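The structure under discussion appears below in the form of structure tokens.
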Amino acid sequence: MTTWVVVLAAGVATYAVRISMVVVLQERPVPGWLEPVLALAGPAVLAAIVGAAVAAPNGTVDPPPAATVIALGAAAFVVRRTDKPALALAVGLPIAWVAHVMAWG
Amino acid sequence: MDEHRQIEASEVRPPMIDRRAVIEGSRDILPVVVAVTPLAIVIGVAARHSGIDAGAAWAASFVLCAGTAQLTVIELLHAGVAPLTIVATATLINSRFVLYSATLARWFAEEPLRRRLLLALPLVDQLFAVCERRFRTVSTPAHRRSYYLGAAVTLVVAWSATQAAALSFASSLPDVRLLRLAAPLVFVGLLARTVNDRAHVAAAAVAATIAILAAGLPQHLNLACGILAGLAAGRAVTERVR
């Protein structure tokens, strides 16, 4: 019972966060000062998530294995050259696996 | 006459849903769906091993619709932490959604409030990342609405179904550690396409650095700190270029 209450309460609270600016802004346009900030949101959010996931996965700074760095670098390079994000996984995972097997990770 | 008016009205009114845009959104998010599959499996296995109510743990996949927060809720429930603390923790972890909320308000500025409130239901990192890039070049409300729906439904259905499968077959699943790299790989792919100028580079570099260095902060606040620092750095570079 407690589990259900916690899950539902956390869901409601998270939804409140999701609609916060929708409700605050209502029919008004997004303020001028906020537009350029939002344009930077994509790079900032993605980089923060990737950085924390690979270099601090357990709450402490932990340099990632070489296999991870090689795979991420190769994925970024290939996507940058081809403009096809789907290749990140297709290139990165096999490279990570090979590097891991060759004991670089 | 009335019939004429009805025909004219139906010709003028744009369609609610653009089927091609739905398919496009669904297709564009598929690599991300593949990438989050390992995390969904990890969450399903963790929920099964934690011994908490399996139905509630699975319901969190679409009620919360946020992987990190869901995993945290499962771990804290398993550890016997007070319910109020767990809810506050999950909300703090998801505090970055405020930023997404402002962006969603801009994407769907032409939609009625009630519809915008519904569209906010599945708003999460992966959906935001895919739509944020696509919507820079999509101008019609029907296309945006349809693309978003296609991507959101695909993501949430796959996410919940994978967790249900993982919960059911938890004891017979292989080691999924290497697959945990899938999500960072996809995010790096999206990042490589998103970074287009010096301000973007500064925002990304500072956000990643602070998110790593602040890893010791409680409740995954390092993510929020990194994002805010990245935004400030990107803004500073933009101002200097002007």
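I'd like to check something: does the range B:205-228 contain any residue that is part of a helix (DSSP H, G or I) and farther than 30 Å from B:I86 by Cα? Yes: one or more hits. Being at pLDDT below 80 and under 17 Å from the mean Cα position of the chain (by Cα), is that true of even one residue in the range B:58-66? No, the range B:58-66 has no match at all. Residues in the range B:167-193 that are assigned to a helix (DSSP H, G or I) and at pLDDT below 75: B:S171, B:S172, B:L178, B:L179, B:R180, B:A182, B:A183. Taking the range B:40-54 on its own, how many of its residues are part of a helix (DSSP H, G or I), surrounded by fewer than 24 Cβ atoms within 10 Å (Cβ to Cβ) and within 11 Å of another protein chain (Cβ to nearest Cβ)? Adding up the residues that qualify gives 2. All of B:R235, B:R144 fail the test of being in a helix (DSSP H, G or I), of a type in the set (D, E, K, R) and under 30 Å from B:A21 (Cα atoms), apart from B:R144. The single condition among (1) modelled with pLDDT under 85; (2) more than 7 Å from chain B (Cβ to nearest Cβ); (3) outside any loop (DSSP other than H, G, I, E, B) that A:A103 does not meet is (3). When the range B:230-242 is filtered for residues that are more than 8 Å from chain A (Cβ to nearest Cβ) and within 22 Å of the chain's Cα centre (by Cα), nothing remains.
Among residues of the range B:89-144 being more than 24 Å from B:L64 (Cβ to Cβ) and among the hydroxyl-bearing types (S, T, Y), the one that is nearest to the other protein chains (Cβ to nearest Cβ) is B:T137.
Within the set A:A52, A:A16, A:A39, A:A47, the sole residue that is more than 7 Å from chain B (Cβ to nearest Cβ) and under 30 Å from B:A192 (Cα atoms) turns out to be A:A39. Of all residues in the range A:85-95, those satisfying the criterion of being open to solvent by less than 50 Å² (accessible area, probe 1.4 Å) and closer than 13 Å to B:V32 by Cα are A:P85, A:A88, A:L89. Under the condition of being in contact (Cβ under 8 Å) with a residue 40 or more places away in the chain, closer than 28 Å to A:A90 by Cα and among the hydrophobic types (A, V, I, L, M, F, W, C), the residues counted in the range B:28-61 number 13. Assess whether A:L34 counts as being open to solvent by less than 10 Å² (accessible area, probe 1.4 Å) and on the phi < 0 side of the Ramachandran plot. Spelling it out, it is not the case that A:L34 is open to solvent by less than 10 Å² (accessible area, probe 1.4 Å) and on the phi < 0 side of the Ramachandran plot.
I'd like to verify a number: residues in the range B:1-37 that are at pLDDT 80 or above and assigned to a helix (DSSP H, G or I), how many? Even if it seems obvious, please write down each step before you answer.
Just the residues of the range B:1-37 that are at pLDDT 80 or above, to begin with: B:16-37.
Checking the rest, the ones that are also assigned to a helix (DSSP H, G or I) come to B:19-28, B:30-37.
Qualifying residue count, the range B:1-37: 18.
When residues in the range A:46-84 are screened for being more than 30 Å from B:L217 (Cβ to Cβ) and either open to solvent by 50 Å² or more (accessible area, probe 1.4 Å) or not in a helix (DSSP H, G or I) (or both), 6 of them pass. Looking across the range B:201-229 at every residue that is within 19 Å of the chain's Cα centre (by Cα) and closer than 12 Å to A:A53 by Cα, the one that is farthest from the other protein chains (Cβ to nearest Cβ) is identified as B:H220.
Does B:A170 qualify as being touching a helix residue (DSSP H, G or I) at 6+ places or on another chain (Cβ under 6 Å), surrounded by 15 or more Cβ atoms within 10 Å (Cβ to Cβ) and within 14 Å of another protein chain (Cβ to nearest Cβ)? Criteria not met by B:A170. Scanning the range B:63-107 for residues that are without any contact (Cβ under 8 Å) to a residue 40 or more places away in the chain, open to solvent by 20 Å² or more (accessible area, probe 1.4 Å) and of a type in the set (S, T, Y) yields B:T85, B:T91.
The values are calculated or read from the model by the stated rules, or taken from the named source; none is laboratory data. Treat the numbers as computed from the prediction; the structure is a model and nothing was measured. Methodologically, a virtual Cβ is constructed for each residue, glycine included, from the backbone with ideal geometry; neighbour enumeration extends over all protein chains shown. Accessible surface is based on the protein model in full, side chains and every heavy atom, while ligands, DNA and RNA are left aside. Shrake-Rupley method; radii C 1.70, N 1.55, O 1.52, S 1.80 Å.
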